[in-house]
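Note sheet for the following structure.
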Amino acid sequence: MGDKGAARFLLERLSRVLEHPLTRNIPLDDPRTTELRRSVIRQKPFLKRIYEDWYAWIASRIPHGPGAVVELGSGAGFLEEFVPGLVTSEVFISPHVRVVLDGRFLPFHDASLRAIVMVDVFHHIPDARSFLEEAGRCLKPGGRILMVEPWITSFSKLIYSLFHHEPVDMDAQSWAFPPSGPLSGANTALPWIVFKRDLDVFRLDFPDLSLTGLAVERPLSYILSGGVSLRALAPGFLYPAVRLLERLLDPLAGSLGMFARISIEKTKGRGGAATR
């Protein structure tokens with residue numbers, strides 16, 4: 001076994017040791033995995049605080065007025081506690097969602113939604129173009145797409161490539177990938193590709209969707225939480241201290257951050273400039 005093979009073996013063993021017992025040995029695309037991850041998030045105080053922060057950010061940026069707010073990939077989360085009347089959805093039947101749908105074929109009338117929201121979902125949609133076209137059709141003028149997604153930086157590329165099961169294909173020429181399971185099918189680099197590498201293409205092809213916010217963040221907290229798949233590496237009471245440290249590292253977020261909060265608004269004109 002060569003050096004690379006030995007390193008890969010050790011990483012796989014480490015991941016196995018850290019694997020969360022609730023979801024161990026259950027196939028990734030089994031709906032039970034999503035249901036159990038709902039329990040994992042609620043049972044891990046550090047991770048739950050991360051989701052609460054993300055949900056508070058989403059809730060604070062949903063436009064006021066008429067129109068439904070739809071969440072994609074709701075099965076494991078609890079955003080409905082932050083957004084009254086939220087239309088929760090999933091790609092398979094789940095006891096905690098109201099609608100079963102595919103983000104590429106949204107079953108809503110034109111200009112009927114004031115927001116489409118999601119956490120850790122966009123990079124699982126097999127055809128980002130189809131989703132963006134559907135979102136542009138369904139959103140009211142001034143409506144928003146609000147998402148929290150993995151983001152590629154020098155640091156996160158290393159972490160995602162070594163410790164995460166999802167592919168990281170920064171060189172993908174298409175915004176689509178072959179459909180497979182709801183969780184196994186993904187390209188972790190997709191948000192970075194669409195809203196960073198190919199931003200000019202996005203602006204040209206979707207002139208009515210304006211990228212109005214993109215904030216790269218969280219070089220430490222999600223790793224320490226263990227996410228939805230691994231055991232927690234830090235107790236919940238350390239969360240405020242870790243967040244303070246992360247804020248001090250904000251100037252380096254472009255190199256160290258692991259996630260991005262992304263805001264897109266439907267306009268009548270061409271897409272505008274992004275802000276960090």
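The values are calculated or read from the model by the stated rules, or taken from the named source; none is laboratory data. All values derive from a computational prediction rather than experimental measurement. Here the Cβ is made from the backbone with ideal geometry for all residues, glycine too, and neighbour counts use every protein chain on show. Heavy atoms of the whole protein, side chains included, go into the accessibility calculation; ligands, DNA and RNA do not. Shrake-Rupley method; radii C 1.70, N 1.55, O 1.52, S 1.80 Å.
Values for this structure:
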item: Any chance ARG8 is of a type outside the set (Gly, Ala, Ser), surrounded by fewer than 13 Cβ atoms within 10 Å (Cβ to Cβ) and either under 24 Å from THR267 (Cα atoms) or modelled with pLDDT under 95 (or both); result: no
item: Selected residue [under 30 Å from PRO63 (Cα atoms), polar (S, T, N, Q) and buried (at least 16 other Cβ atoms within 10 Å of the Cβ)] from SER156, SER210, SER229; result: SER210
item: Among the residues listed as LEU248, LEU204, LEU211, LEU252, the single one being of a type in the set (A, V, I, L, M) and in contact (Cβ under 8 Å) with a residue 60 or more places away in the chain; result: LEU211
item: Unique residue being in a helix (DSSP H, G or I) and small (Gly, Ala, Ser) when the list is ALA241, ALA186; result: ALA241
item: Search result, residues across region 172-183 that are among the hydrophobic types (A, V, I, L, M, F, W, C), in contact (Cβ under 8 Å) with a residue 40 or more places away in the chain and part of a loop (DSSP other than H, G, I, E, B); result: TRP175, PHE177, LEU183
item: Filter result (open to solvent by less than 20 Å² (accessible area, probe 1.4 Å) and either assigned to a loop (DSSP other than H, G, I, E, B) or farther than 20 Å from CYS138 by Cα (or both)) within region 77-100; result: GLY77, PHE78, LEU79, VAL83, LEU86, SER94
item: Within region 120-151, tally of residues that are more than 12 Å from the chain's Cα centre (by Cα), of a type outside the set (Lys, Arg) and open to solvent by 10 Å² or more (accessible area, probe 1.4 Å); result: 8
item: Out of SER60, SER74, sole residue that is buried (at least 23 other Cβ atoms within 10 Å of the Cβ), among the hydroxyl-bearing types (Ser, Thr, Tyr) and out of contact with any Gly (no Cβ under 8 Å at 6 or more places or on another chain); result: SER74
item: Whichever residue in region 36-57 is open to solvent by less than 10 Å² (accessible area, probe 1.4 Å) and of a type in the set (Phe, Trp, Tyr) and, among such residues, is farthest from the chain's Cα centre (by Cα); result: PHE46
item: Of residues in region 195-235 being among the hydrophobic types (A, V, I, L, M, F, W, C) and in a loop (DSSP other than H, G, I, E, B), the one nearest to ARG42 (Cα to Cα); result: VAL228
item: Hits in region 89-135 - residues which are among the hydrophobic types (A, V, I, L, M, F, W, C), more than 14 Å from ILE145 (Cα to Cα) and touching a residue at least 12 places away in the same chain (Cβ under 8 Å); result: VAL91, PHE92, ILE93, VAL97, VAL99, LEU101, PHE105, PHE108, ILE125
item: Region 244-271, residues that are open to solvent by 20 Å² or more (accessible area, probe 1.4 Å) and in a strand (DSSP E or B); result: ARG261, GLU265, LYS266
item: Yes/no for SER221 being open to solvent by 50 Å² or more (accessible area, probe 1.4 Å), in contact with a helix residue (DSSP H, G or I) (Cβ under 8 Å, 6 or more places away or on another chain) and among the polar types (S, T, N, Q); result: no
item: Some residue of region 164-171 being in a helix (DSSP H, G or I), open to solvent by 60 Å² or more (accessible area, probe 1.4 Å) and touching a residue at least 60 places away in the same chain (Cβ under 8 Å); result: no
